[in-house]
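Every read-out reported here was derived from the displayed coordinates using simple, explicitly stated rules and does not represent laboratory data. What you see is a predicted model, and the numbers here were worked out from it, not measured in a lab. Neighbour counts are summed over all protein chains in view; Cβ atoms, including those assigned to glycine, are modelled from backbone coordinates with ideal geometry.
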Ligand SMILES: [Zn+2]
């Protein structure tokens with residue numbers, strides 16, 4: 001039941017159609033979803049009951065125009081349930097999952113709708129459509145076909161049941177993970193245990209403990225990946241071991257938040273669904289609609305990198321062990337020692353102390369004089385904070401983005417800090433997705449999980465957090481700059497194994513000389529980061545790449561292994577399956593654990609990267625090749641930025657991305673720049 005005042009029923013009247021957050025209350029969501037689904041089904045019904053023959057206009061465009069209420073509420077709600085959840089939104093999310101899956105099936109599996117789309121598709125060459133419209137017809141036809149639109153009635157019934165169950169199970173996986181991550185936050189009673197952390201980090205840990213009602217204690221919240229950022233600096237081995245064990249225990253402790261049963265059930269049902277759709281495995285089904293094409297191509301690429309990565313990691317491990325053996329207390333290097341010892345080797349070899357960089361990475365300067373500055377130099381855009389506009393949480397900031405001449409580009413929202421109500425990781429969400437068909441502007445949000453500083457202290461970012469901010473801002477630019485005709489193609493609606501490419505390229509500006517010099521300024525003294533430190537950072541960028549590549553590849557191959565099983569294979573032991581898969585890949589070094597274990601692998605079991613975690617390194621081939629192009633052509637210039645913007649970022653999903661890349665680069669991407677960057681070249 002939706003009241004007339006429900007703010008999701010009509011487009012927002014605020015600048016850039018920013019959702020009217022001040023008016024949105026939790027009780028609006030359920031009614032708006034209900035109304036949105038009903039509205040879209042009525043719109044679909046009007047398409048299929050039309051007595052006119054199927055045309056681009058009355059079928060494809062009508063489909064593109066449908067579902068506006070649902071999009072408005074969905075974008076706001078799913079951002080809220082990821083970034084600022086509460087018991088009501090978590091319960092509603094679980095309740096909605098099967099309803100939305102059924103709704104999507106009611107459209108994707110509608111035989112009359114599929115018949116009309118196919119009829120338009122069959123006459124594609126006679127319709128006189130432009131390239132973008134032709135591509136739109138093809139994409140709809142492919143996606144309806146892959147979704148099972150051509151199946152018989154009883155198969156469709158089974159498919160609907162599978163989709164509904166899977167959406168419930170993946171939502172439950174995410175909910176369990178958030179609960180177990182919060183439960184497993186590590187508490188210390190003695191400040192001496194935190195030796196190695198900065199005064200600011202210790203104060204923040206004390207504050208985090210107080211927020212949980214714990215006096216005279218210190219609390220470290222876990223992060224999504226296996227390795228915790230504090231492992232680089234905590235001096236006590238027993239403390240590091242506690243944190244690592246807590247991180248790796250997520251989802252395997254028995255009890256109500258154990259995710260092992262869900263992993264087995266989700267992978268079994270995905271295999272069953274793939275078979276129903278005519279594929280050998282879920283990975284085959286997924287990659288059929290990616291630039292990779294099939295899981296064999298993925299396996300060939302990952303497999304070609306793994307041996308060299310594992311070898312490099314072993315060489316790095318020998319260096320760490322040598323450091324330990326030269327000391328007083330000797331022990332075998334374990335996973336919880338790796339980051340700590342690596343920092344010592346890094347400091348000795350390159351005179352780079354990562355902890356000493358933090359005072360130069362004040363969040364405000366990084367944002368305005370680093371992230372925004374680079375975008376201004378490349379694309380001519382300007383950023384102005386709009387404190388008159390309200391976001392979904394008081395900690396979220398709103399910036400207006402305009403061209404140099406003042407022409408509006410969009411709104412950029414930034415939600416920097418961690419909260420118990422926010423899931424782990426960092427990501428970008430569209431809130432309003434640009435397209436000319438419905439005359440929609442663009443509003444995007446970046447979410448990160450930077451620990452909040454103690455009250456009154458400035459936020460100082462770690463090296464990795466600066467890189468993450470540049471990365472997520474690359475996604476934001478993709479969303480802000482895309483100028484497309486149809487909602488289906490808005491912003492980052494590209495193939496999943498392409499979507500990381502623009503964000504990864506944006507990371508290159510973090511250490512670009514003019515950019516770094518502009519933002520890396522000591523937050524107290526105002527002095528620039530010493531040139532020697534800058535030079536040493538640059539020399540050390542590929543340091544520890546054996547470890548980083550190995551932990552990533554382990555997760556990517558684990559994700560593929562879970563999704564290459566066929567429906568006849570019974571797996572009943574998560575830990576055994578995982579260790580077999582890692583051993584088969586040659587990535588079973590206990591000192592180099594997988595970046596995510598199955599029971600906390602949110603990307604693959606709830607985050608939409610199922611059989612797709614390979615995408616990061618797949619896109620990195622394009623990224624490294626594009627970075628080479630920028631470097632060869634003078635780097636940070638308007639000409640370079642404008643070319644990248646018009647040929648890559650600006651096209652959104654409106655054309656074949658590899659074709660777009662070819663136009664930008666003048667040829668296909670080559671893998672060599674990636675091999676050099678990651679130290680994997682022969
Ligand atoms: Zn990304």
* Between residue 142 and residue 215, with labels modelled 7 Å along Cα→Cβ, what's the label distance in nm to one decimal, could you check? => 6.3 nm
* Computed E for residue 187/residue 311 - FRET, C-beta separation, R0 35 angstrom, nearest 0.05 -> 0.35
* Asked: How long is the gain from residue 393 to residue 132 if the chain were fully straight, where each residue apart is worth 0.36 nm and the alpha carbon distance is subtracted?
  -> 90.2 nm
* Take the alpha-carbon centre of segment 572-602, take the same for segment 425-484, and report the distance between them in whole Å. => 31 Å
* **Gyration tensor (Cα) of segment 399-502, equivalent ellipsoid semi-axes in angstrom** => 28, 16, 12
* Asked: residue 99 to residue 241: extension gain in nm, 0.36 nm per residue of separation minus the Cα-Cα distance?
  -> 46.8 nm
* Structure fact -> In degrees, nearest 10, the alpha-carbon axis of helix 295-325 is tilted away from the dominant principal axis of the alpha carbons of the chain by 10 degrees
* Asked: In whole Å, how far is the Cα centre of segment 265-310 from that of segment 649-672?
  -> 23 Å
* **Relative compactness, the chain, computed as alpha-carbon Rg over 2.2 N^0.38 Å** => 0.95
* Once both axes come from the Cα atoms, what is the angle between helix 153-183 and the longest principal axis of the chain, in degrees from 0 to 90, rounded to 10? -> 30 degrees
* **Hydrodynamic radius by Kirkwood, which averages 1/r over all alpha carbon pairs of segment 136-259, in angstrom** => 17.8 Å
* To do: Just grab the label-to-label distance for residue 153 and residue 41, each label 7 Å out from Cα along the Cβ direction, in nm (one decimal).
  => 1.9 nm
* Asked: Between residue 112 and residue 427, what is the spin-label point distance in nm, taking each point 7 Å from the Cα along the Cα→C-beta axis?
  -> 3.6 nm
* **At R0 = 45 Å, FRET efficiency that the Cβ-Cβ distance of residue 658 and residue 195 yields, to 0.05** => 0.30
* Asked: Which FRET efficiency value, to the nearest 0.05, is calculated for residue 349 and residue 525 with the Förster distance at 25 angstrom and r the Cβ-Cβ distance?
  -> 0.40
* Asked: For segment 558-588, list residues with backbone N below 16 Å from a point placed 7 Å from the Cα of residue 332 toward its Cβ?
  -> 588
* Asked: By how many degrees, 0 to 90 and rounded to 10, does the Cα axis of helix 496-506 deviate from the longest principal axis of the chain?
  -> 50 degrees
